[in-house]
Amino acid sequence: MPELSLVPSYVVAGAVLGSMYALMAFALVLNYRATRVINLALGGMGAFGLYVFARAAEWMPRVPALLLGMMAAGALGAVIGTVSDAGAERSSALNRTLATLGWLIAITGVMAVVFGSGGAGGEMGGDRPKAFIDNTYAFRIGDVNLTWAQVAMLVVTAVVLVTMLVFFRSTRLGVAMRAVAENPTAARILGIRVAVVIVSAWVLAGLIACIAAVFVSPFVPSAGPTTLTGLLIQAYAAALIGRLRSLWITAATGIAIGVAESLFISAPALSNVPIRAGFPFLAIVGFLVLRGRELGAEAELEAA
Amino acid sequence: MSGAPAETGTFGGPERATTSAGRALAPLATGIAAALLIAALVTPYWLFILTSTAVLAITLSSIVLLTGFVGQPSLAQMTFAGFGAFFAAKLLEADLPFPLVIPVAAVAVAPVGVVVGLPALRIGGLHLALTTLGAALFADRVVFTWKPLTNYPNGLTAVRPGWLESDVAYFLFVAGWLVLVLVLLARVRHSRRGRRWRAIMDNERGARAIGVDTAAEKLTAFATSASIAGLGGALYAFAVGGVNPLSFNMFLSLNYLAIVALVGLPYLISSVICATWLLVVPEIFRGSDAANLNLLVVGLGLILVIGRHRDGVLGMLADRLTARRSPPDNAEQRVGTIDAEAR
């Protein structure tokens, strides 16, 4: 453990990073429920929204710029959702997931042309994108100094979580989305336009990915497609432990992974133990081996 | 072209008839002859490109084995290659005679494959792929940055012995390994073990019901595949004279699986086609804008093809060719055949 007085600040820093995982995990759950794929292009979609926001923010206030970025990411989601859904029944879930990697490659390529490329890594050149909220000192709770960007990340994650819970419980589209996720055939018979619902889920995923990218950008050296895709593993772990279903468990797990990472990486006593950076992944594998059979059965049903 | 060794007929689609022992010799001889011809004809620069291509083809064939033959997707194949490369460099450092270095390094990766493959006993498909990605990330961050193993961040050197020093000699050495791997894999596919693997891929419960030990078979497949990938990694280390801790990151594994899936996971020749596409084609277009389009073509191919066809481009072509001749094959009948043959 790090020096005891520092523990609270590491917990907060980890919770902020974990909120990012939670947001991306929400989007993964939406994509998975709609189309049964793990959307590897999510980092690309988020980065696209972020860069549209950053360009727009140069000549308009930040709030409309953010809306513009979200619209761009949502539109991209609509395109990907529409194309992915066509002919899906003749392929496998794995192949359709790899097809989202194709989208990631395409998005990275297009972004390199539109926004300028800093090299083969897919990160953009030039200055880091303008932040929606700067990472400056906000206030102090006990021993912990919080920055505005940290506060914003935590608040936004809570808002997105509550909005999604309300959306799935109380709106027509949200309920239709749940119906399609449970049983597409029955949903279609009941008069739900399944294709529209699926594309809507992808649009929502795009919006959330954009929000995640915009609010995480003050904390990462660069928020290009490659960096954001690197964060997808933890998000996937959170979504998986939430059984790609429960938003509450997903959110809690995402934050817990962030906190665990933060504590392990910062602990001086463990700084010579190479295992520290990899602990969260060991935890994931452990979870899968213990609880995976359940998921496996579900996956088998879904493959059929 | 380095594609020559595999264009000899044995490496066709998944539905080919059983091979006899003699049939393995023809492609073996053809492959070696083609390699000799290439070595005699091309410039040293191209020889290096083709050596790299053959090395990559070996690593990619480990993907065909695991995902195309057994249906177990893995995103840790480059991690296995990395282990192979580091083991080889370490063994050389420990003064193991060179002829033993590469085989021992390859075999030493097998336990790594078993460990990474353990989740396959509980989960499959997509979730297995992403779990192995977690393992790959763990290796990237933890194992390959561990100084005692990899001398991070400088890496290790891997100098070839005198008799392999020339580029021609090393190309022939690598080509020999490639042909050997492809011939062995083609034979495994049609062996009893290959049929058991096929049964697991097509219907795991069915395979279990007819008495296939699915756990043992899956772990065997992971171990074999890891060894082949490790072989590719070891050969890579000696091709470039060393091994860098950053050469084996998980994104490469993801891209390679995607490209092999695009061309056709069940087809052994996919490994050679993909390696050629990744290393030879960009060289041909070097300096022109077309070189940058390579990856974009892969991206578009993924979007347009494999979201719509399980077996990729080669699968689509095979469907076109066989559609007129025979009705689509019957899964029940196929399982029955495997039952009879697996006993």
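Here the convex hull built on the C-alpha positions of the range A:200-252 has a volume of 87 cubic angstrom per residue.
For A:Ser84, neighbours were defined as the other residues whose beta-carbon sits under 13 Å from its Cβ, and their charges (Lys and Arg +1, Asp and Glu -1) total +2. In terms of surrounding Cβ atoms within a 10 Å radius of their Cβ, B:Leu279, A:Leu207, B:Leu262 rank from fewest to most as B:Leu279, A:Leu207, B:Leu262. Calculated mean residue ellipticity, 222 nm, chain B: -20500 deg cm²/dmol, from DSSP H runs (n ≥ 4) at -39500 (n - 2.57) each, averaged per residue and rounded to 500. Fewest neighbouring Cβ atoms within 10 Å first, the residues B:Arg198, B:Arg286 line up as B:Arg286, B:Arg198. Under a Cβ-Cβ cut-off of 12 Å, what is the net charge of the residues other than B:Val70 that fall near it, where Lys and Arg count +1 and Asp and Glu count -1? Here the count lands on +3.
Peptide B:138-144 has a mean of 5 when you count, residue by residue, the C-beta atoms of other protein chains within 10 Å of its C-beta.
Computed over Cα pairs, the Kirkwood radius of the range A:127-227 leads via Stokes-Einstein (0.692 mPa s, 37 °C) to a diffusion coefficient of 204 µm² per second. Its Kirkwood hydrodynamic radius, worked out from the mean inverse distance over all distinct Cα pairs, puts the range B:240-286 at 12.0 Å. Using only alpha carbons, the range A:34-98 has a radius of gyration to Kirkwood radius ratio (Rg to Rh) of 1.13.
From least to most packed, judged by other beta carbons within 10 angstrom and beginning with the fewest, A:Glu58, B:Glu93, B:Glu217 follow the order A:Glu58, B:Glu93, B:Glu217.
Rg/Rh, computed from the Cα trace of the range A:175-235 with Rh as the Kirkwood radius, has the value 1.19. When the Gaussian network model of chain B links Cα atoms closer than 10 Å, the mean-square fluctuations of B:Pro73, B:Pro266, B:Pro161 top out at B:Pro161. Over every Cα atom in chain B, the radius of gyration and the widest Cα-Cα span, Dmax, amount to 19.6, 60 Å.
Calculated translational diffusion coefficient of the range B:144-282 (10 °C, 1.306 mPa s; Stokes-Einstein with Kirkwood radius over alpha-carbon pairs) equals 91 µm²/s.
Mind telling me which of B:Phe80, B:Phe48, B:Phe248 comes out most flexible in a GNM of chain B, alpha-carbon contacts under 10 Å? So, out of B:Phe80, B:Phe48, B:Phe248, the one fluctuating most is B:Phe48. For chain B, with a Gaussian network of springs between Cα atoms less than 10 Å apart, report the residue from B:Arg187, B:Arg196, B:Arg205 with the top mean-square fluctuation. Highest fluctuation of the listed residues: B:Arg205. Over all orientations, the range A:1-115 has a Cα convex hull whose mean projected area works out to 9.9 square nanometres. Place a label point 7 angstrom from the Cα of B:Val114 along the Cα-to-Cβ direction, then list the residues of the range B:162-205 whose backbone nitrogen is under 20 Å away. Correct set: B:193-194, B:197. For B:Ala120, the shell of other residues with beta-carbons less than 11 Å away shows a net charge of 0, using +1 for Lys and Arg and -1 for Asp and Glu. Taken residue by residue and averaged, Cβ atoms of other chains lying within 10 Å of the Cβ of A:230-236 number 3.
Can you compute the label reach from A:Arg172? Point 7 Å from Cα along the Cβ direction, backbone N cut-off under 18 Å, restricted to the range A:184-220. What the label zone holds, given the 18 Å backbone N cut-off, is A:187-201. Taking only the C-alpha atoms of the range A:1-53, the Rg (one decimal) and the largest Cα-Cα distance, Dmax (whole number), read 15.6, 46 Å. The simple spin-label model puts a point 7 Å past each Cα toward its Cβ; for A:Val196 and A:Ala86 those points are separated by 2.0 nm. Taking label points 7 Å from Cα along the Cα-to-Cβ direction, B:Leu321 and B:Phe285 give a separation of 2.6 nm. Calculated over the range B:143-205, the projected area of the Cα convex hull averaged across directions stands at 8.0 nm².
The reciprocal of the average 1/r between distinct C-alpha atoms defines the Kirkwood hydrodynamic radius, which for the range B:172-222 equals 11.9 Å.
What FRET efficiency do you get for B:Ala29 and B:Ser191 if R0 is 22 Å and r is their Cβ-Cβ distance, rounded to the nearest 0.05? It comes to 0.55.
Under the simplified labelling scheme, the B:Glu93-A:Asn135 pair shows an inter-label distance of 3.5 nm, with each label point 7 Å from Cα along Cα→Cβ. Between A:Val79 and B:Phe48, what FRET efficiency follows from the Cβ-Cβ distance if R0 is 41 Å, with the result rounded to 0.05? So, using R0 = 41 Å, E works out to roughly 0.50.
Each reported figure results from applying straightforward, stated rules to the coordinates on display, with no laboratory input. Computed from a predicted structure; not experimentally measured. Note that we place each Cβ from the backbone using ideal geometry, even for glycine, and neighbour counts take in every protein chain shown.
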